[in-house]
Amino acid sequence: MPAGFPDFRLGSVLATSFTGTLSERHGNAVERIPTPHRLIDWLAVNGLAVDSCTTAQLDLARELRESIHAAATAAAIQDALPASAVQVINDRSAQGRAAAILTPEGKREWRLSSASCVEDALGVIAADAISIIAGERDGKLALCASPTCRAAFFDTSQSRTRKWCDMNTCGNRQKKARFNANHRKNPRSAESQNR
């Protein structure tokens, strides 16, 4: 990955990983696809390689990302889905021309149209969002417990009680904050542990 850009947060669910290209939405927001080329990079990492991307296509991608986030957030808190978000998701899904293919290893991959355009890739992401928001997959939508993050994620844990969008970032930050708060309250316990 080119220097100067934040790393991508990758997950096993395409649609919620895509919403993670903007993190810390309620803090100091981190934009992970600030340029058309970074969107090309993200799509390639997720098996949706495209040849090029314009600024207008990047704008379409960000509109889809925010619509998926809004709809997934509403679904996670069992609220009504925002009509404008549903419209964008449906439009992107209908405009894409991609086909699911089966690999010799028994995995599903996506084949974009011969033009390999961004709209096809966005259609795949929108279709993935539809399947998780509609409840077609085994798991549940949840929101990250971090007050600065609040990212929507798809919880496939057995108990469906996962709290963090990513344990390596939000979860560890919260554990570290709790640890530091406890040591500020009880400085003597920290001294006795260091002996």
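The values are calculated or read from the model by the stated rules, or taken from the named source; none is laboratory data. Computed from a predicted structure; not experimentally measured. Ideal geometry is used to build each Cβ from the backbone, glycine not excepted, and the neighbour counts take in all protein chains shown. Side chains are part of the model used for accessible areas, which takes the heavy atoms of the whole protein and leaves out ligands, DNA and RNA. Shrake-Rupley method; radii C 1.70, N 1.55, O 1.52, S 1.80 Å.
Tell me yes or no: at least one residue of region 7-15 is open to solvent by 10 Å² or more (accessible area, probe 1.4 Å) and part of a helix (DSSP H, G or I). Yes; the residues of region 7-15 include at least one that is open to solvent by 10 Å² or more (accessible area, probe 1.4 Å) and part of a helix (DSSP H, G or I). Restricting attention to region 20-71, and to residues there that are closer than 20 Å to residue 132 by Cβ and open to solvent by 60 Å² or more (accessible area, probe 1.4 Å), which single residue is modelled with the lowest pLDDT? Among residues in region 20-71 that are closer than 20 Å to residue 132 by Cβ and open to solvent by 60 Å² or more (accessible area, probe 1.4 Å), the one modelled with the lowest pLDDT is 45. For residue 33, the criteria (1) over 15 Å from the mean Cα position of the chain (by Cα); (2) in a loop (DSSP other than H, G, I, E, B); (3) in contact (Cβ under 8 Å) with a residue 24 or more places away in the chain hold in every case but one, which is (1).
With respect to the conditions (1) within 27 Å of residue 57 (Cβ to Cβ); (2) in contact with a Lys or Arg (Cβ under 8 Å, 6 or more places away or on another chain); (3) hydroxyl-bearing (Ser, Thr, Tyr), residue 146 lacks only one, and its number is (1).
Quick check: is even one residue across region 106-127 among the polar types (S, T, N, Q), within 16 Å of residue 39 (Cβ to Cβ) and out of contact with any Cys (no Cβ under 8 Å at 6 or more places or on another chain)? Scanning region 106-127 turns up at least one residue that is among the polar types (S, T, N, Q), within 16 Å of residue 39 (Cβ to Cβ) and out of contact with any Cys (no Cβ under 8 Å at 6 or more places or on another chain).
Restricted to region 128-144, and to residues that are in contact with a helix residue (DSSP H, G or I) (Cβ under 7 Å, 6 or more places away or on another chain) and part of a loop (DSSP other than H, G, I, E, B), which residue is nearest to residue 15 (Cα to Cα)? Checking each candidate, the answer is 137. So for region 84-99 (the condition being within 16 Å of residue 122 (Cα to Cα) and part of a loop (DSSP other than H, G, I, E, B)), does at least one residue qualify? Within region 84-99 (the criterion being within 16 Å of residue 122 (Cα to Cα) and part of a loop (DSSP other than H, G, I, E, B)), the answer is yes, since at least one residue qualifies.
Looking across region 132-152, just one residue is more than 13 Å from the chain's Cα centre (by Cα) and open to solvent by less than 20 Å² (accessible area, probe 1.4 Å), and that is 146.
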